[in-house]
Amino acid sequence: MNLINAILIVSLGLLGWGLWRAASAYWKFRGRLVVTCPETAQPAAVDLATWHAVLTATFREPSLRLRDCSQWRARAPCEQPCVAQIEASPEECRVPTILSKWYEGKACTCCGMPVGPIGRWQHKPCLISPEMRIFEWKDIPSENVPLALRTHAPVCWRCLVAETHIS
């Protein structure tokens, strides 16, 4: 009976460990990511085959492959060399991370108030274009975020609300 209990405990431990690794891989590799396409040197928005990463991560290093890429609309699917960027730093490829880092230390172009740290459940700051049009993050396609950050300025949520609610 002790051998059976030991086998059961080891089996449950391995199952729990595998499930933990699978869940970690899911949270790490889900959602839209932005990379620089090595072939075109342009930003590309990509989606990983998340479930493939989850299944392969259970008991070994995850195997990553793309499910979709914004560059594939104009070009045929590629050999996916950009996956190396995601493997090196998946969090740095996330749009919220890219935007949060860009807003650090910046002040609102309209009111001059510091944008401050961006919390997960807070209203997000916005961007104002050179043509003075205000955009929310959701209005900018992921692959255009790097360009927008080079050409647009920060705007706080309060100024967005004030601007869009003026009669």
| query | Which members of the range 146-167 meet the condition of being closer than 26 Å to Val35 by Cβ and surrounded by fewer than 19 Cβ atoms within 10 Å (Cβ to Cβ)? | reply | Pro146, Leu147, Ala148, Leu149, Arg150, Thr151, Ala153
| Do we have Ser89 as of a type in the set (S, T, N, Q) and in contact (Cβ under 8 Å) with a residue 24 or more places away in the chain here? | no
| note | Among the residues of the range 52-83, the number that are exposed (fewer than 13 other Cβ atoms within 10 Å of the Cβ) and under 10 Å from Arg21 (Cα atoms) is 3
| Restricting to the range 85-109, what's the tally of residues that are at pLDDT below 90 and in contact with an Asp or Glu (Cβ under 9 Å, 6 or more places away or on another chain)? | 1
| Considering only residues of the range 4-36 that are assigned to a helix (DSSP H, G or I) and of a type in the set (S, T, N, Q), which is farthest from Glu61 (Cα to Cα)? | Asn5
| message | Any residue in the range 48-60 that is at negative phi and outside the structural domain of Trp72 (by TED's automatic domain parsing) sitting within a Cβ distance under 7 Å of a residue that is of a type in the set (A, V, I, L, M, F, W, C) and modelled with pLDDT under 85? List the pairs, counting only those 6 or more apart or interchain. | response | none
| field | Leading residue by the ranking (surrounded by the most Cβ atoms within 10 Å (Cβ to Cβ)) among those in the range 91-137 that are assigned to a loop (DSSP other than H, G, I, E, B) and either of a type in the set (S, T, N, Q) or outside the structural domain of Arg150 (by TED's automatic domain parsing) (or both) | value | Thr109
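The values are calculated or read from the model by the stated rules, or taken from the named source; none is laboratory data. Treat the numbers as computed from the prediction; the structure is a model and nothing was measured. In this analysis, Cβ positions are derived from the backbone assuming ideal geometry, glycine residues included, and neighbour counts consider all displayed protein chains.
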